[in-house]
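Structure record follows, encoded as structure tokens.
The values are calculated or read from the model by the stated rules, or taken from the named source; none is laboratory data. These figures come from a predicted structure and were not determined experimentally. Don't worry about glycine lacking a Cβ; one is built from the backbone with ideal geometry, like all the others, and counts go over all protein chains shown.
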Amino acid sequence: MAGPRSLPWWKPTIKTGLHALYTLPILALLARGYADYSGTDFLGGLGVNPIETVIRNLGDWSIRFLIVALAVTPVRRISGLPQIARYRRMLGLWAFAYVTIHLLFFIGVDQYFDWHEIWKEILKNKFITVGMLGFVFLLPLALTSTSGMIRRLGAARWRRLHRLVYFAGIAGAIHYIWMVKAITIEPVIYTAIIAILLAMRVFWWAQTRQAIAPQRVASKAG
Amino acid sequence: MLIRRAPDIRPSEITPESIYLGRRAFMAGTGALLAGSAIPGIAFADVEPQALPKVIKSKYTVDEKVNSYKEITTYNNFYEYGTDKGEPAVNAPGLLKPSPWTVTVDGECNKPGTVDVDDFIKTSALEERVYRHRCVEAWSMVIPWVGVPLADVIKRFEPNGNAKYVAFQTLDDPKQMPGEKSDLVYPWPYTEGLRMDEAMNALTLLSVGLYGKTLAAQNGAPIRLVVPWKYGFKDIKSIVRISFVRNQPKTMWNQIAADEYGFYANVNPNHDHPRWSQAKERRIGEFLRRPTLMFNGYTEQVASLYSGMNLDTWY
């Protein structure tokens, strides 16, 4: 009853709910760190190599949240629920936030701001090179995520730019696959999901083209 | 270029007896506590690690801060129990039956036979050796192993002139090692190998214990290899067969990715893994990465094994 009538009652709740949900992984890491510090055993603490645990956990959530953001459009098309689209920006920005924290943790804690070493790692270690590339793809998308930027760029150009997220998804998948010692199940699953999400777009794109092409021929003949 | 400490072990580097005795007393106390907490009536596949009496200090010991028992027993690469390093500590103790255990020794030798590991532990002169342990994943620990030089065991079986290599094999039993159920990625059972002169080197240890006790399941109970100048994956766990062979044997990680995991797998800060640098390592318990030492700091003892070999070709 309270609040502006134009907003359905559930709209702000879903957004706040999503925000709360997306802070849980960070809170869990903080709690596990505190458990180690205080000598309790919450979720097993962070283990004997806490730096590795944190950086991998942040990486896991980065790719999961990137997948969620990539899934918004396909889910919207299949489910026929157009209102899902309004969460796309928020979910994308959260994915970017996790990727950024993951990267900052690598720079500040794992490498302890040893810029010479960090630069060497980026150039030499293929999995880090491709991971950095993924971040570079995401950065302009985060910077142009405001409504003002959409207006300034124009919808068509903005949409074209934001296709970079597909390449970020591919980079994220390769980053994970190359990081592990040999093939393990998780990166394969994530890669498969990303591949499906991208394949659906290719499929729809081809369908649209096919639908348009005969019209063009027909109009020429006419 | 990165060798910082004199690699030979000075008498002053041997940890004073009193410190070990103190640790023993502590371990004995822990053992009693664990025994007391065992629930009667439930059959565990594993018995808790048992205290090993009469362990002699070896001169092959590094004077570096030893990693804690918890660190060594909760951070393990043992893919037969899961690919996450926390999983073996959870899964292995309830599944692996380390006693009775027989190791078959065969191949190019005059006296092939078997080793009953319980007897072996009782009758051998066990040594404690504090070794550096460097994983190919660029982390490291310092571990107080208990065992017998592999050379002493090999001599009993009298390998003949055709024995150029020694091949090792882990238990092949998916019931005890659930990871072995799927051959999709990994050609189970785990196999490893050494050249004969590497196997006979004084540093190469057949380990049956850790921190003065028998090995925990997740560390490769009841008997495993320790080759401290090589990456950890050479240290095959839960061994059931040792064979003397003419040709270089197939080894597990080498079969999966030969360009990434060589047969020799000597710790070498100058030869990077194709996907990551081996120049530095994170010692578990330390914040900053430390430089990795050539042959993991054991150049003095092992460099002669590889004289004339290009270590970039034979990685």
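Numerical summary
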quantity: Residue within the stretch B:296-308 that is modelled with pLDDT of 95 or more, within 14 Å of another protein chain (Cβ to nearest Cβ), surrounded by fewer than 24 Cβ atoms within 10 Å (Cβ to Cβ) and more than 30 Å from residue B:54 (Cβ to Cβ) present; calculated: no
quantity: Given (1) in a loop (DSSP other than H, G, I, E, B); (2) away from chain A (no Cβ under 14 Å); (3) under 27 Å from residue B:60 (Cβ atoms); (4) in contact with a strand residue (DSSP E or B) (Cβ under 9 Å, 6 or more places away or on another chain), number of the condition residue B:268 does not satisfy; calculated: (4)
quantity: Test set (1) within 14 Å of another protein chain (Cβ to nearest Cβ); (2) under 20 Å from residue A:195 (Cα atoms) - residue A:77 fails condition number; calculated: (1)
quantity: Pair list, Cβ < 9 Å and 6+ apart or interchain, from the stretch B:49-60 residues that are in contact (Cβ under 8 Å) with a residue 12 or more places away in the chain and farther than 18 Å from residue B:202 by Cα to residues that are in a loop (DSSP other than H, G, I, E, B) and of a type in the set (A, V, I, L, M, F, W, C); calculated: B:49/B:215; B:49/B:216; B:49/B:221; B:52/B:126; B:54/B:125; B:54/B:126
quantity: Contacts under 7 angstrom Cβ, first residue in the stretch B:209-232 being free of Cβ contacts under 8 Å to residues at least 24 places away in the same chain, partner among the basic types (Lys, Arg) and buried (at least 24 other Cβ atoms within 10 Å of the Cβ), 6 or more apart; calculated: B:224/B:237
quantity: Answer from A:165, A:130, A:136, A:202 - the residue that is within 14 Å of chain B (Cβ to nearest Cβ) and either in contact with a Lys or Arg (Cβ under 7 Å, 6 or more places away or on another chain) or among the β-branched types (Val, Ile, Thr) (or both); calculated: A:130
quantity: Single unsatisfied condition, residue A:125 versus (1) touching a helix residue (DSSP H, G or I) at 6+ places or on another chain (Cβ under 6 Å); (2) more than 26 Å from residue A:74 (Cβ to Cβ); (3) polar (S, T, N, Q); calculated: (1)
quantity: Residue match in the stretch B:229-251 (condition: within 14 Å of another protein chain (Cβ to nearest Cβ), more than 15 Å from the chain's Cα centre (by Cα), closer than 24 Å to residue B:140 by Cβ and surrounded by 23 or more Cβ atoms within 10 Å (Cβ to Cβ)); calculated: yes
quantity: Which numbered condition residue B:97 misses (of (1) in contact with a strand residue (DSSP E or B) (Cβ under 8 Å, 6 or more places away or on another chain); (2) crowded, with 17+ Cβ neighbours inside 10 Å; (3) away from chain A (no Cβ under 14 Å)); calculated: (1)
quantity: Looking only at the stretch B:251-295, and only at residues there that are under 29 Å from residue A:110 (Cα atoms), in contact with a helix residue (DSSP H, G or I) (Cβ under 9 Å, 6 or more places away or on another chain) and among the polar types (S, T, N, Q), the one that is modelled with the lowest pLDDT; calculated: B:277
